[in-house]
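Comments concern the structure below.
The values are calculated or read from the model by the stated rules, or taken from the named source; none is laboratory data. Everything numeric here is computed off the predicted structure, so don't read it as measured data. For neighbour counting, all protein chains shown are included, and Cβ atoms are generated from backbone atoms with ideal geometry for every residue, glycine included. These area figures cover heavy atoms from the full protein model, side chains too; ligands, DNA and RNA do not enter into them. Shrake-Rupley method; radii C 1.70, N 1.55, O 1.52, S 1.80 Å.
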Amino acid sequence: MHPTRRPFARLTTRALLAGLALSLCPVAVAPAPALAQDAAEEVSQDRALVDLPLRRITLYSSGVGHLIHHGQVTGDGRVRLQLTEAQLNDALKSLTVFDDPGRVDVRYPTREPLNRKLGSFAIDLSGAPTLAQIIEQLRGRSVTLSTPGPVSGVVVGVETETRIVGEPRTQVTEHLVTLMTDGQLKRIPLSSITSVLPNDPELRDELSQALATLAEASDTRTQPLDVRFASDKPDPRDVGVSYLIETPVWKTSYRLDLTQDEPQLQGWAIVENTTDADWDDIEVALVSGRPVSFVQDLYTPLFLARPEVQNELYAGLAPARYAEGSGLQPARESDVRLRRGASSGRQNFYAESADMAMPAAAPMQAGAAISGRRFETSNVAVTLDAAATGADLGELFRYLIDQPVTLERGKSAMLPILDQTVEVDRLSIFNPASHPRHPMLGVRLTNTTDLKLQGGPVTVLDAAAYAGDAQVGFMGPGDDRLLSYGLDLEVRVDASQKSNSELVGGSISRGVLRLQRRQVRTQTYDVQNDAGADRTVLIEHPRLSGYELQATDGQDGPVETTDTLYRFEVAAPKDDSGSVTVTQTRIAWEGLSLVNQNPDQLLAQSRGAAIPQDVRAALEDLASRKRAVSEVQQRIAKIDEVYSQINYDQQRVRENMRGLDRNSPLYQTYVEKLTAQETEVGQLQAEKMTLRERLSELQADLAEHIDNLRVGG
């Protein structure tokens with residue numbers, strides 16, 4: 001049994017479907033306190049309570065459910081939906097009512113903020129007040145206190161007193177109630193009071209109502225939403241109510257049986273009835289896809305903060321002095337500004353123009369007529385423009401369960417949605433990330449049905465026995481997916497890898513030698529099949545970023561490619577082997593600064609066979625130029641070395657001359673040596689100056705040559 005593509009609606013009667021094509025009936029939606037009702041009317045409505053059975057529920061994979069109630073009403077009737085507060089928000093957002101001809105209004109209890117509601121009573125119970133705080137609110141009221149004897153009087157106030165008592169001395173704080181009784185003020189310890197009775201019956205009733213409000217606020221299970229149908233015609237008529245509520249996401253699971261020659265795929269939908277009523281022979285539809293759905297609080301009343309405007313004070317005005325003006329301009333009404341009093345200490349606000357003033361619209365009355373795109377109240381008419389156009393389900397896909405479903409509330413069920421033969425190719429899937437030596441048992445499953453299959457777990461059966469579990473994603477008609485469900489221990493895969501890099505070209509530009517290298521990554525997969533049957537092994541090889549796949553002689557290319565993988569099929573006969581080699585290459589560029597290379601390094605780079613001839617010649621010329629610079633630098637370094645040695649010798653000679661007689665032969669010898677060294681130093685300094693000038697010229701020429709050098713691609 002499986003769903004077929006057929007019209008969405010299939011109710012017990014076709015009246016609701018006819019109503020869907022008609023204009024909406026008159027509807028008014030309002031909180032209950034806004035619609036005053038007397039006791040007699042409520043009794044009459046309770047008697048008119050009708051049962052509108054649930055006929056259909058559509059569950060969406062986005063976590064909402066669309067419920068449709070349909071039935072017949074004669075004259076006036078009321079349908080009550082018991083909803084949680086969360087469900088009530090969704091219902092207020094999506095409720096659609098059909099009654100043709102007829103009038104409809106919708107009512108529900110107001111959820112005024114609890115503190116605001118409690119604050120409206122004579123005794124404010126918001127904030128969980130203590131007994132002392134409650135008695136403080138009774139100031140000026142007549143009460144009877146049990147202490148334990150009864151004492152009647154008017155509450156004056158409650159004060160706090162601190163005393164030191166006992167041994168060791170301990171500080172004790174006590175509340176004292178001041179009561180006016182018989183013309184006297186009495187102080188009664190709060191700890192001695194066992195009961196407090198307001199003597200005013202209305203005050204006691206206020207306190208009872210406040211307590212009832214607290215009890216009502218604590219009961220958040222369900223709230224009634226009443227849909228009231230009214231018609232002057234006595235004949236029975238078809239009515240319907242539909243709305244969205246939050247529901248659990250329905251789930252799918254599959255069984256893939258490989259036992260037979262034609263594999264069978266069976267699909268189940270798992271649904272839960274979390275509504276407040278049993279499902280009794282209702283139509284269930286399941287929709288896959290993710291329509292936009294959100295939660296908005298429409299149930300809680302919204303109060304806006306309004307600015308506070310203080311009356312302008314005229315007393316004590318100081319005299320004003322006015323500057324002379326050149327002309328007068330008439331005041332414009334649009335210049336009138338309403339300003340909040342500065343004494344409030346708050347930020348000023350302005351009504352910038354009198355044109356902004358708008359008359360307050362009268363509230364919409366219960367039962368206000370809605371006709372087409374225009375609705376009218378007693379003194380206001382507003383025309384509504386269409387905000388959106390209709391559309392079909394688009395990418396959504398619907399499963400319709402062929403048989404009515406009965407499911408008690410709080411229960412779950414598995415509903416069959418698919419039972420068909422499918423196309424399956426058996427494979428062993430090897431990916432080193434899954435296992436370094438053995439492939440996974442798997443299949444390539446093709447969706448040969450006309451259904452869009454939602455993702456879910458797949459239990460695989462083979463030879464009428466459990467073979468493993470797999471996971472499948474969304475599949476449209478004609479799509480195929482790889483599934484793996486177990487380790488294939490009878491097949492072994494040995495992977496070996498090698499890589500190399502070779503120089504293939506070079507160029508010079510902007511002072512950089514750019515070397516072009518081809519990087520090659522090769523991996524061979526050797527498959528050994530020790531099973532008693534032929535195997536087809538699917539090898540998943542990673543795609544390297546920036547690399548291109550190279551063809552291998554005598555070998556087919558990949559059967560498919562993903563964003564991150566190549567997939568190759570290897571035929572491995574039983575008790576035999578097979579292999580596949582995957583080669584990927586890329587061209588990489590390496591940049592070397594010509595300024596930082598010495599002549600020997602440049603000559604070494606020029607010897608590569610892949611270096612173009614013009615680049616080789618440019619490198620040899622550049623090496624010669626750098627060698628000339630280097631030779632001058634070496635000569636300057638040699639002069640500096642000789643000068644350092646002469647300076648050291650002169651210091652030694654002068655030290656020796658200190659103790660000698662100036663007329664001695666040795667002294668004269670030292671003088672002659674110093675004279676000769678000074679002559680040599682002068683010659684060295686002159687040569688060094690010349691060499692430095694030459695070095696500057698060579699370096700400038702070299703830098704200019706490197707900057708202007710453009711050779712090769």
Residue in the range 243-250 that is touching a residue at least 60 places away in the same chain (Cβ under 8 Å), outside any strand (DSSP E or B) and closer than 22 Å to I135 by Cβ present: no
Test: D402 is part of a loop (DSSP other than H, G, I, E, B), modelled with pLDDT under 90 and open to solvent by 60 Å² or more (accessible area, probe 1.4 Å): no
Number of the condition not met by D261 [criteria: (1) out of contact with any strand residue (DSSP E or B) (no Cβ under 8 Å at 6 or more places or on another chain); (2) crowded, with 19+ Cβ neighbours inside 10 Å]: (2)
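What do you reckon, is Y566 in contact (Cβ under 8 Å) with a residue 12 or more places away in the chain and farther than 30 Å from A610 by Cβ?
So Y566 does not fit the description; no.
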In the range 238-256, the residues that are crowded, with 18+ Cβ neighbours inside 10 Å and over 27 Å from K93 (Cβ atoms): T252, Y254, L256
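I'm trying to understand the selection: among the residues of the range 461-487, which are touching a residue at least 60 places away in the same chain (Cβ under 8 Å) and closer than 30 Å to G289 by Cα?
L461, A470, V472, F474, L483
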In the range 429-466, the residues that are surrounded by fewer than 19 Cβ atoms within 10 Å (Cβ to Cβ) and either hydrophobic (A, V, I, L, M, F, W, C) or within 17 Å of H541 (Cα to Cα) (or both): N431, P432, A433, S434, H435, P436, R437, H438, L461, A463, A464, A465
Where L418 falls short, out of the listed (1) open to solvent by 20 Å² or more (accessible area, probe 1.4 Å); (2) under 34 Å from the mean Cα position of the chain (by Cα): (1)
Residues that are of a type outside the set (D, E, K, R) and touching a Cys at 6+ places or on another chain (Cβ under 9 Å), drawn from the range 77-108: V97, F98, P101, G102, V104
Qualifying residue in the range 533-543 (condition: closer than 30 Å to A623 by Cα and touching a residue at least 60 places away in the same chain (Cβ under 8 Å)): no
Single unsatisfied condition, T178 versus (1) of a type outside the set (D, E); (2) in contact with an Asp or Glu (Cβ under 8 Å, 6 or more places away or on another chain); (3) surrounded by fewer than 13 Cβ atoms within 10 Å (Cβ to Cβ): (3)
Filtered residue count, the range 105-141, keeping only those that are open to solvent by 70 Å² or more (accessible area, probe 1.4 Å) and within 30 Å of Q223 (Cβ to Cβ): 6
Residue in the range 212-223 that is modelled with pLDDT of 85 or more and not β-branched (V, I, T) present: no
Condition met for I587 (open to solvent by 50 Å² or more (accessible area, probe 1.4 Å), on the phi < 0 side of the Ramachandran plot and not basic (K, R)): yes
Residues within the range 181-205 that are farther than 19 Å from P148 by Cα and open to solvent by 40 Å² or more (accessible area, probe 1.4 Å), tallied: 7
Breaking point among (1) part of a loop (DSSP other than H, G, I, E, B); (2) within 12 Å of I245 (Cα to Cα); (3) over 26 Å from the mean Cα position of the chain (by Cα), for L52: (2)
Of all residues making up the range 488-507, the number that are open to solvent by 70 Å² or more (accessible area, probe 1.4 Å), assigned to a strand (DSSP E or B) and free of Cβ contacts under 8 Å to residues at least 60 places away in the same chain: 5
Selected residue (only one of E308, E333 is at pLDDT below 75 and of a type outside the set (F, W, Y)): E333
Number of positions in the range 517-558 that are modelled with pLDDT of 95 or more, β-branched (V, I, T) and over 14 Å from S428 (Cα atoms): 3
Flag if Q650 is open to solvent by 60 Å² or more (accessible area, probe 1.4 Å), assigned to a helix (DSSP H, G or I) and either more than 20 Å from L513 (Cβ to Cβ) or among the polar types (S, T, N, Q) (or both): no
Qualifying residue in the range 468-481 (condition: over 24 Å from N529 (Cα atoms), within 31 Å of the chain's Cα centre (by Cα) and among the acidic types (D, E)): yes
Top-ranked residue in the range 680-695 [being free of Cβ contacts under 8 Å to residues at least 40 places away in the same chain and open to solvent by less than 80 Å² (accessible area, probe 1.4 Å); ranked as farthest from the chain's Cα centre (by Cα)]: E680
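If I filter the range 138-175 down to residues being hydrophobic (A, V, I, L, M, F, W, C) and in contact with a Gly (Cβ under 9 Å, 6 or more places away or on another chain), which single residue comes out as modelled with the lowest pLDDT?
Ranking the qualifying residues of the range 138-175, first place goes to V172.
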1 or more residues of a type in the set (G, A, S): qualifying strands (runs of 3 or more DSSP E) within the range 533-645: 565-572, 576-593
For G659: the one exception among (1) out of contact with any Gly (no Cβ under 7 Å at 6 or more places or on another chain); (2) closer than 26 Å to D600 by Cβ; (3) at pLDDT below 90: (2)
Single unsatisfied condition, R426 versus (1) touching a Phe, Trp or Tyr at 6+ places or on another chain (Cβ under 9 Å); (2) open to solvent by 40 Å² or more (accessible area, probe 1.4 Å); (3) of a type outside the set (A, V, I, L, M); (4) part of a strand (DSSP E or B): (1)
Residues located in the range 281-303, provided they are within 23 Å of L54 (Cα to Cα) and surrounded by fewer than 13 Cβ atoms within 10 Å (Cβ to Cβ): D281
Residue identified as modelled with pLDDT of 85 or more, surrounded by fewer than 20 Cβ atoms within 10 Å (Cβ to Cβ) and on the phi < 0 side of the Ramachandran plot among P33, P53: P53
